[in-house]
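Read the structure below first, then the notes.
What follows draws every value from the coordinates through simple rules; no lab data is involved. Treat the numbers as computed from the prediction; the structure is a model and nothing was measured. Cβ coordinates were reconstructed from backbone atoms using ideal geometry, including for glycine residues, and neighbour counts include every protein chain displayed.
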Amino acid sequence: MTPLTSSIRDLDLVVLALYAGFIVYLIFRLTRRSAKDATDYLLAGRALTLPAFVGTLVVSWYGGILGVGEYGFRYGISNWLVFGVPYYVAALLFALLIARKARQSSYVSIPDALNKNYGRQAGRLGGLIVFIMTAPATYLLMLGTLFGFIFGLPHKAGIVLGAVLSLSYVVRGGLRAVIHTDLFQFILMFGAFTISVIYMVATRGISPLVNNLPATHWTWHGGNSVQYVLVWFFIALATLIEPAFYQRVFAAKTPAVARRGIFISLGFWIFFDMLSTTAALYARALLPADIDPIQAFPALAAEAFPPWLGALFFIGLLATIMSTVDTNGFIAATTLGNILRKDGDEISVEAAARTKWGILGTGIWAVGLAIFSESIVDLWHDLGSIGTPALLLPMMSSLFPRTRIRSSWILPWILIPGAISALWIFTPGDAGYWLGLEPIYVGLGVSILIRLLSSRLP
């Protein structure tokens with residue numbers, strides 16, 4: 001890690017202290033009132049208004065900012081096609097096909113839906129997949145990078161510090177506390193990036209982008225194969241089983257709020273993708289080509305901005321990441337806590353109290369995964385390639401009665417596609433994946449095959 005210069009380091013420390021102090025103040029105020037019941041704790045009483053729904057959904061689904069910087073630094077405007085368009089399509093599908101149906105249900109989570117339709121074992125297995133997908137390893141990897149850059153910490157120490165700071169407050173206040181901090185992070189996230197991009201365009205112009213970027217940075221594929229770009233459209237289908245999406249939809253005041261809120265959120269995501277892709281292009285144009293791409297945005301703040309703006313940009317990065325860490329940490333912890341509850345127990349505030357053990361398990365799993373991962377983008381790819389085949393069709397079947405499968409088939413339907421995708425990832429052939437196929441294609445194909453067999457076999 002390359003530590004910051006002393007001038008920006010001092011200013012960063014002051015601004016970071018103010019940021020941390022305000023977050024602590026918010027949490028303190030919000031956790032003085034204990035949750036009334038499980039619905040209040042897990043879903044904020046199902047009372048989210050449109051502004052609150054949009055604010056929390058926008059930031060909780062956009063935590064991978066250093067991954068965006070990594071990909072944009074490497075491949076240019078292809079970033080918009082890979083991390084933008086597929087997810088816009090998936091969000092539209094969620095709004096049009098799922099949002100109203102999900103909000104009209106009595107479910108509180110994806111495992112709860114599987115539990116009520118297919119039994120406790122299906123709920124536990126689905127919960128385990130949700131836990132693996134939502135434990136915020138990618139975001140701890142980003143926090144480790146950011147803290148290492150600011151404080152000069154070793155990478156592992158930065159990851160552990162990020163876990164302690166981001167997971168320590170998510171238990172007591174429930175979703176209500178997460179949402180209120182999300183609204184604050186929303187302002188910081190958009191404000192910092194908007195001001196920074198305007199500054200870059202005003203002071204640097206577009207000549208660095210024209211003169212310094214590789215030609216492939218202006219192509220739709222960025223130098224990658226068609227299959228590599230296409231696979232992200234399938235990985236984006238993970239949006240249809242994204243626990244944070246379901247949690248916000250279940251928490252919306254009405255089905256109309258949920259559906260309309262996703263459409264409005266889409267506009268904010270498109271705008272922020274424009275800002276983040278532009279920033280990544282400037283990072284590649286102004287910084288040495290051999291820096292670690294994960295550090296593209298922190299290095300841009302240190303090298304290209306005056307101290308005041310560098311400090312603001314760092315806070316914007318931190319707010320973007322933290323808003324997703326606390327959401328995913330809360331979901332993973334409550335999911336693990338409910339996996340551990342005894343058969344016959346209902347989801348309750350008492351069961352939610354087991355989230356303290358869920359937080360411990362979440363922290364250990366996420367820190368371990370982050371420490372052994374080298375690329376944010378690769379980690380997204382692998383987790384999405386396992387979780388999507390495991391849960392996509394089973395979750396759709398729980399929402400749409402006509403597609404439901406017999407209970408005897410549900411455990412293989414969840415377990416086998418995810419396991420085969422994982423096998424495909426971790427035992428590649430000499431020239432890449434077996435048969436040249438991306439793991440998610442194989443997993444989804446197996447999931448469809450199992451569904452077809454279940455309708456023909458006893």
More than 26 angstrom apart: percent of Cα pairs within region 104-251: 53
Neighbour net charge for F186 - beta-carbon separation under 14 angstrom, K R +1, D E -1: -1
Please determine, in degrees from 0 to 90 and to the nearest 10, the orientation of helix 170-204 with respect to the longest principal axis defined by the Cα atoms of the chain, where the helix direction is its Cα long axis. 30
The helix 6-30 Cα axis meets the longest alpha-carbon principal axis of the chain at an angle in degrees, between 0 and 90 and rounded to 10, of 30
Take the Cα atoms of region 141-207, build their convex hull, and give its volume per residue in Å³. 115
Please give the net charge around I425, taking every other residue with its beta carbon less than 12 angstrom from that of I425, where Lys and Arg add +1 and Asp and Glu add -1. -3
Given Cβ point charges of +1 (Lys, Arg) and -1 (Asp, Glu) and nothing else, what value in debye, to the nearest 20, does the dipole of region 132-267 about its Cα centre take? 340
What does the chain give for Rg and for Dmax, in Å, if only its C-alpha atoms count? 21.5, 71
By Cβ neighbour count within 10 Å, fewest first, M395, M274 rank M274, M395
In order through region 233-250: 3J(HN,Hα) via Karplus (6.51 cos²θ - 1.76 cosθ + 1.60), integer Hz, x for Gly, Pro: 5, 7, 4, 5, 4, 4, 4, 6, 10, 5, x, 5, 4, 4, 4, 5, 5, 4
Using just the C-alpha positions of region 36-79 as equal point scatterers, what log10 of I(q)/I(0) does the Debye formula give at each q in 0.19 1/Å? -0.68
Count of lysine pairs in the chain with Cα atoms under 17 Å apart, counting only pairs 8 or more residues apart in sequence or on different chains? 4
Helix 355-371 versus the longest principal axis of the chain: what angle, 0 to 90°, nearest 10, using Cα atoms? 50
Calculate the translational D of region 373-458 in whole µm² s⁻¹ from Stokes-Einstein, where the hydrodynamic radius comes from the Kirkwood formula applied to all Cα pairs, the temperature is 37 °C and the viscosity 0.692 mPa s. 242
